[in-house]
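The values are calculated or read from the model by the stated rules, or taken from the named source; none is laboratory data. Owing to the predicted nature of the structure, the values given are computational and were not obtained by experimental measurement. FYI the Cβ positions are ideal-geometry reconstructions off the backbone, even for glycines, and counts take in every protein chain you see. To get the accessible areas, we keep the full protein, side chains included, count just its heavy atoms, and leave off ligands, DNA and RNA. Shrake-Rupley method; radii C 1.70, N 1.55, O 1.52, S 1.80 Å.
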2 protein chains.
Amino acid sequence: MDGGCFVSERENLLKNESEITKEIEDAVKVLLQGLGEDSNREGLMKTPLRVAKALRHGTRGYRQEVKDIVQGALFPEAGLDSGVGQAGGAGGLVVVRDLDLFSYCESCLLPFQVKCHVGYIPSGQRVLGLSKLSRVADVFAKRLQDPQHLADEVCSALHNGIKPAGVAVVLQCWHIRIPEVGQSFLDHSHHSAKMGLQDWLSTFVYSCSGVFENENRDVWGDFLTLLKLKGVEVEKNHTQTTAKLCWCPFSSLDVPVFNKHQSTGDYCRVSSMTGPSQSAMISAVAAILHSLGEDPLRKELLGTPHHFVQWLMNFKKCNLEIKLNGFKLAKPNMSEGNGNAGCNQDEMKSELNIPFWSQCEHHLLPFHGVVHIGYFHASGDKSIDRSILESIVHFYGCKLQVQERLTRQIVETVSSTFGVEVMVVVEANHICMISRGIEKVRSSTATIAVLGRFSSDPTAKAMFLQSVAEITAFGE
Amino acid sequence: MDGGCFVSERENLLKNESEITKEIEDAVKVLLQGLGEDSNREGLMKTPLRVAKALRHGTRGYRQEVKDIVQGALFPEAGLDSGVGQAGGAGGLVVVRDLDLFSYCESCLLPFQVKCHVGYIPSGQRVLGLSKLSRVADVFAKRLQDPQHLADEVCSALHNGIKPAGVAVVLQCWHIRIPEVGQSFLDHSHHSAKMGLQDWLSTFVYSCSGVFENENRDVWGDFLTLLKLKGVEVEKNHTQTTAKLCWCPFSSLDVPVFNKHQSTGDYCRVSSMTGPSQSAMISAVAAILHSLGEDPLRKELLGTPHHFVQWLMNFKKCNLEIKLNGFKLAKPNMSEGNGNAGCNQDEMKSELNIPFWSQCEHHLLPFHGVVHIGYFHASGDKSIDRSILESIVHFYGCKLQVQERLTRQIVETVSSTFGVEVMVVVEANHICMISRGIEKVRSSTATIAVLGRFSSDPTAKAMFLQSVAEITAFGE
C-alpha cells in the first residue's frame with residue numbers, strides 16, 4: 001500500500017463516462033496484444049468497446065443506492081385486526097424465491113451465476129414492493145463480489161432499508177471450473193459432460209438478521225421449507241463459517257506482488273515470475289479495476305489481475321503446425337482401407353458429448369459446452385480414438401473464437417486429417433448471453449457443420465442428429 | 001373508421017415522454033374509478049404512473065429499429081475452405097434456443113409469456129452476433145402482438161437484416177386463462193392447481209423463410225431436432241394455418257362498437273351494452289392504445305378495450321357483507337363442539353392447493369397461484385367444506401390486492417367465521433415480476449399468516465408446512 005487513502009471512486013466522479021470507457025478500452029487492447037491477437041482484425045475491432053461497456057454495466061451497482069430503490073416502495077399494510085398471531089404488515093413472513101442474478105468474482109473477474117432467495121418479516125405495519133427485493137439484491141450483485149459477502153450486503157441493506165423484524169438471504173452460486181496450472185481442460189473430459197451447471201463449482205451461502213438469528217430459529221425453518229417447495233434443499237447443518245475459504249479456483253494459486261507506481265500511478269508487478277507481456281497484461285487488468293471504481297490494492301483484489309490473465313492465457317493464439325503434429329502421429333491408428341470412405345458398406349461412427357471451453361472474441365467471456373462428432377468409416381477400419389478428437393476440439397476451443405468458426409474448424413480438421421466425411425454439432429452456453437444486457441439465463445446455442453455425404457444425404461444427417469438426441473435428452 | 005389516415009405515431013413524435021405518460025396516467029385513473037377504488041389511497045397513489053411507465057417500457061419495440069441492432073453486428077466468417085458441405089459463414093445452421101421473452105396480447109392487453117427459438121443459415125460469409133437474435137426478437141415482442149404475427153415479424157426482420165439462406169422461428173406462448181362471462185374463477189378449481197404454466201393457454205407457432213421453406217425441408221428437420229435436445233417437442237404435422245383462430249380467450253366474446261368522436265378526438269362506444277362507468281373505462285383503454293402509438297381502430301384492436309375492461313371488472317371492489325352472508329350460512333356444517341379449539345385432542349386438518357387469481361394493485365397486473373389452509377378442529381367435528389374455503393379465497397382474490405394482505409384477510413376470515421386456529425400459506429407468480437423491468441421469469445413469492453396455536457407452537461407450524469411440502473414437491 002502506498003499509505004494514501006483510496007480515491008478511485010472520487011476520481012471517477014471527475015471523469016465522464018466516455019473517459020472511463022476509453023481507459024478500459026486501452027487496457028483491453030493490451031490484453032488482446034498479450035494474447036497474440038491483432039486488435040484491428042474485424043472480429044476484434046469493437047471488442048475493447050464491448051468489454052468496456054459490459055464491465056461498466058456489470059458493475060453499475062457501485063453507482064446505485066439502496067435508498068433510491070426502497071424509497072416510495074414501502075407500503076402501509078395492516079397486521080392482524082385481533083387475536084394472537086402474525087400476518088400482513090406485522091409478522092407475516094414474505095419470501096421471494098428463484099431470482100436469477102449474475103455477479104463478477106472479485107478474485108478472478110469472471111462472472112458467476114446466482115440464484116437468490118430472499119425472505120423478510122414485516123414490522124411497523126409496512127411491506128416492501130415485491131420487485132424491490134430483487135432490485136436491492138441486484139445492486140450488490142452488480143459489483144465485484146464473493147458469495148458470502150454478497151449475501152451479507154443484501155441482508156444488511158434490506159434490514160436497514162425496510163426496518164423489518166428480520167431478513168434472510170440464501171444464495172446458490174455457480175462459478176466456472178478452471179483447470180489448475182499445468183493441467184489442461186481435457187482433464188475434465190471424464191466428467192459427465194452434459195450441458196448445464198453440474199460441472200460448475202457451486203456454493204450455498206446464507207445471511208440473516210433480526211428474528212432469523214439464533215433466538216427464534218423456527219422462522220428460519222419456515223423460510224427453508226418454503227424454499228424446499230421450489231426444490232431448493234439447504235442442508236440443515238449448513239452454517240456460516242467465520243473464515244470461509246475463498247471458493248474461486250484461482251484463489252489458491254501463487255499471487256505475484258504488484259504495487260502502485262509512486263510517480264506514474266500505474267500498477268506494476270514487483271516480482272517477475274512471468275514474462276514482460278504478461279506483466280503488462282496484469283497491469284492492464286489492475287487499471288481496469290481502478291476504472292471500475294475499485295481499489296486494486298484492496299486485499300481481496302490483490303491476486304485478481306494475475307488470476308484473470310492466467311485464465312486468458314489459456315486462450316493465447318498459438319502455432320497450428322506444432323499442435324497438429326500430434327494428430328498426424330495418431331493417423332496410423334486408422335487402417336489402410338480408409339480411402340473408400342464413400343462406399344455403401346461404410347458405418348457411421350459417433351463420438352458424443354466431448355466437452356470444451358472457449359472464449360468469445362466479441363466479449364472476452366467464456367462459452368462452453370459439448371461437441372458431437374459423427375463420421376463414416378469403412379466397416380473394417382478402426383475408429384478414430386476419442387482422445388484425438390478431444391485434442392482437436394480442445395485445440396480449436398482454446399483461443400479467441402466464435403462458435404460458428406469453431407464448428408467449421410473442427411469439421412475441416414477431422415476431415416482433412418483422417419480423410420473421412422464428417423458432421424459436427426456444437427452446443428454451448430455463452431456467458432455473454434447470461435451476464436450481459438440481454439441476460440437470457442436459460443438460452444443455449446447450437447451450430448452444425450457437415451462435409452461430404454452428410455451434406456448431400458439428409459438421411460445420414462438425420463440419423464446422426466437422432467443419435468445425439470437419444471443420448472443427450474434434455475441437457476439441463 | 002373516420003376516413004382519415006392513422007396519425008398516432010406521428011402525433012407522438014410531437015409529444016415528449018412526460019406528456020404521453022400523463023395521458024396514460026389519466027386513463028388509468030378512470031379505470032381505478034370504474035373499479036370503485038379511491039386512486040388517492042396510499043397503495044394506489046402511484047399506480048397510474050407505474051402502469052404508464054410499464055406500458056411504455058413494454059411497448060418500446062414501436063420505437064426501435066432492427067437495423068440499429070443488426071448494424072455493426074454482422075461479422076465476416078469464412079465458409080468451407082474446400083470440399084462439399086455447409087459450415088461457418090456459408091451454410092452452417094446456427095440455432096439459439098430458450099430465449100425467454102414476454103409480449104402484450106393485442107386482443108386483451110394482458111401480457112403473455114414467450115419462449116423463443118431462432119435458427120438461421122448464414123450466407124455471404126457473414127454471421128450475426130448471437131445476442132442480436134434475441135434483441136431482434138425482443139423488438140417485436142415489445143409491441144401489442146398475436147403469436148403468429150410475432151413469429152412472422154421476427155422471421156422477416158431477421159431475413160431482411162442478415163440476408164441469410166433462411167430463417168426459422170418457433171415460439172411457445174402462454175396466455176392467461178380467463179373465465180368465460182358468467183363463470184367464476186372457481187370453475188378452474190378442478191384443474192391440477194400446482195403453480196406453473198400448465199393452467200395457461202398455450203400455443204406453438206412457427207415461421208420460416210428461404211431454405212427452410214418447402215423446397216428444402218430437411219434443414220427444418222435439423223432445426224427441430226436441435227430443439228428436441230432441449231426438450232422442445234414440436235408436433236411433426238404442426239403446420240402454419242392461414243386463417244388461425246385468435247388464441248386469446250376474449251376474442252370469441254361480443255365486441256361493442258366504438259368510434260373516434262369527430263370533434264373531441266375521444267374514443268366513445270356507440271352501442272350501450274354496458275353501464276356509463278364501463279363505457280368510460282373502455283374509452284380510457286382506447287386512449288391508452290392511442291398513447292402507446294397504436295391505432296385503436298385497427299381491426300385487431302377493436303375489441304381490446306372491451307376485453308381488458310372485462311378482465312378488470314373481475315376485480316371490482318364489492319360489498320363485503322353481501323358476499324360474506326354465504327359463509328355464515330355455511331357455518332352450521334360445523335358441529336357444536338367447535339369451541340374447544342385449543343385442547344390437545346384437536347386434529348390438524350388442511351386444504352391444499354386452492355387456486356386463485358388476483359390483481360396486483362401496484363401494477364394492475366395479475367398474480368395467481370395457490371393457497372394452502374391448515375386449521376385445528378376438535379376430533380369429532382366435521383371439517384370445513386373445501387368449497388367454502390375456495391369461496392373465501394376467491395372473494396379476497398377478486399379485487400385489487402397485495403399478496404401480504406390477501407394472506408392476512410384469508411387467515412382472519414377463516415378464523416372469525418369458524419372460530420378455529422388457522423395458518424395460511426399463499427404461493428404466487430406475479431406477472432409484474434415477469435413482464436416489467438426486472439423480468440425475473442422463474443421467481444415466485446410465498447407468504448405466511450398464522451393465528452392462535454400456529455403462532456405459539458413451532459411444531460404445529462412446521463407440521464403444516466411439512467404437509468404442504470409433501471404434496472407440492474417442486475411446483476414447476
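Placing a label point 7 Å from Cα toward Cβ, how far apart in nm is B:Asp385 from its equivalents in the other copies, listed shortest first to one decimal?
Copy-to-copy label distances at B:Asp385, shortest first: 7.7 nm.
Within the range A:59-228, how many Lys pairs that are eight or more residues apart, or on different chains, come under 18 Å at the alpha-carbon?
8
Stick to Cα atoms and the Kirkwood definition of Rh, then tell me Rg/Rh for the range A:42-89. Intermediate results must be reported in sequence, preceding the final value.
On the way: Rg = 22.5 Å, Rh = 15.3 Å.
When Rh is taken as the Kirkwood radius, the ratio is 1.47.
For the pair A and B, how large is the buried accessible area, both sides, in square angstrom to the nearest 100, if the probe is 1.4 Å?
Values: alone 21870 and 21870 Å², together 36670 Å².
It comes to approximately 7100 Å² buried between A and B.
What is the projected area of the convex hull of the Cα atoms of the range A:59-228, averaged over all directions, in nm²?
Values: hull surface 46.5 nm².
Projected area, direction-averaged: 11.6 nm².
One decimal, nm, shortest first: give the distances between the label point of A:Leu49 and those of the same position in the other copies, each label point 7 Å from Cα along Cα→Cβ.
Spelled out, the distances from A:Leu49's label point are 3.6 nm.
Roughly what would the spin-label model give for B:Met348 and B:Asp38, points 7 Å off Cα along C-beta, in nm?
Going by the 7 Å Cα→Cβ label model, 4.0 nm.
Using a 1.4 Å probe on the protein heavy atoms only, what accessible surface does A:His306 show? Give it in Å² to the nearest 10.
So the heavy atoms of A:His306 present about 20 Å² to solvent.
Output the residues of the range A:386-415 meeting this criterion: accessible area (heavy atoms, 1.4 Å probe) in the chain alone minus accessible area with all protein chains in place is 20 Å² or greater.
Residues of the range A:386-415 that lose at least 20 Å² of accessible area once the other chains are added: A:Glu404, A:Arg405, A:Arg408, A:Glu412.
At 0.36 nm per residue, and after removing the present C-alpha to C-alpha distance, how many nm does the segment from B:Trp200 to B:Asp385 gain when stretched out fully? Working shown, then result.
On the way: separation 185, 0.36 × 185 = 66.60 nm, distance 2.71 nm.
Gain in length upon complete extension: 63.9 nm.
Whole number in Å², please: accessible area per residue of the range B:341-438, 1.4 Å probe, ligands, DNA and RNA not counted.
So the range B:341-438 comes to 23 Å² accessible per residue, rounded to a whole number.
Just the number please: accessible area per residue for the range A:64-148, 1.4 Å probe, all protein chains included, in Å².
Values: 2180 Å² over 85 residues.
That works out to 26 Å² per residue.
Would you mind computing, in nm to one decimal, how far apart the modelled labels at A:Ser82 and B:Lys15 are, each placed 7 Å from Cα along Cα→Cβ?
About 5.0 nm, to one decimal.
Estimate the FRET efficiency between A:Val234 and A:Arg63 by the formula 1/(1 + (r/R0)^6), using the beta-carbon distance for r and 30 Å for R0, to the nearest 0.05.
Between A:Val234 and A:Arg63 the formula returns 0.40.
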